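Engineer: Submitted below is the structure of interest, expressed as structure tokens.
Bear in mind these aren't lab numbers, they're just calculated from the coordinates by the rules spelled out. The structure presented is a predicted model; accordingly, all values stated were derived computationally and were not measured. Cβ atoms come from the backbone with ideal geometry, glycine included; neighbour counts cover every protein chain shown.
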Amino acid sequence: MRAYNLSILTPEGKVYDDEVQSVVAPGRLGSFGVLYQHAHMIAAVKLGVLQVDTGNGLRYFVLGDGILEVTDNGVGILADDAQPADSLDDAKKRVTAIEEQLKRMTHPETTHANAT
């Protein structure tokens, strides 16, 4: 399988920049994959697991909200956060923990109601 460049950027800097064979991203309307010579596109990504096939195995990232763009030069992801994960299970657990924390922050009345 042919490779292309994947670059993941956050406000803190570059998280990943290397050749990959495919990416599966958590899109706003559902997960989607990108292979070599994919049509140009821009898509919104959301908090979730980003799966990257490096050709030598799979890598996983906990990805925050952002934008994914496919161009002739490869794939660029601009996200509010992106952190490497040790495994798919690790990434899923971390996403679940973030979602629960966000839920508590946006709905504090449920946290207080459960505490009494």
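Engineer: Taking Kirkwood radius over Cα pairs in Å as the quantity of interest, determine which of [x] 14.9; [y] 14.4; [z] 14.0 was computed from the displayed structure.
Structural biologist: Given [x] 14.9; [y] 14.4; [z] 14.0, the structure-derived one carries the label [x].
Engineer: Determine the dipole magnitude for the chain: charges of +1 sit on the beta-carbon of Lys and Arg, -1 on that of Asp and Glu, nothing else is charged, the reference point is the Cα centre, and the result goes in debye to the nearest 20.
Structural biologist: Its charge dipole is roughly 280 debye.
Engineer: Hey, another quick one. Using only helices, what value at 222 nm comes out for the chain when you add -39,500 (n - 2.57) per DSSP H run of length 4 or more and divide by the total residues, to the nearest 500 deg cm²/dmol?
Structural biologist: Per the formula, -7500 deg cm²/dmol.
Engineer: Rg and Dmax of the range 1-68 over Cα atoms: what are they, in angstrom?
Structural biologist: Rg, Dmax (Cα atoms, Å): 11.4, 32.
Engineer: Order by neighbour count: H107, H38, fewest other Cβ atoms within 10 Å first, most last.
Structural biologist: With the sparsest Cβ surroundings first, the list reads H107, H38.
Engineer: So, one more: When the Karplus curve 6.51 cos²θ - 1.76 cosθ + 1.60 is applied with θ = phi - 60°, which whole-Hz ³J(HN,Hα) does each residue of the range 64-75 get, with x for Gly and Pro?
Structural biologist: With the stated coefficients, the range 64-75 comes to x, 4, x, 10, 10, 10, 9, 10, 4, 7, x, 10 Hz.
Engineer: Using label points projected 7 Å from each Cα along Cα→Cβ, tell me how many nm separate K103 and K46, to one decimal.
Structural biologist: 1.4 nm
Engineer: So what's the angle, to the nearest 10 degrees on a 0 to 90 scale, between helix 88-106 and the longest Cα principal axis of the chain?
Structural biologist: Compared with the principal axis, the helix lies near 40 degrees.
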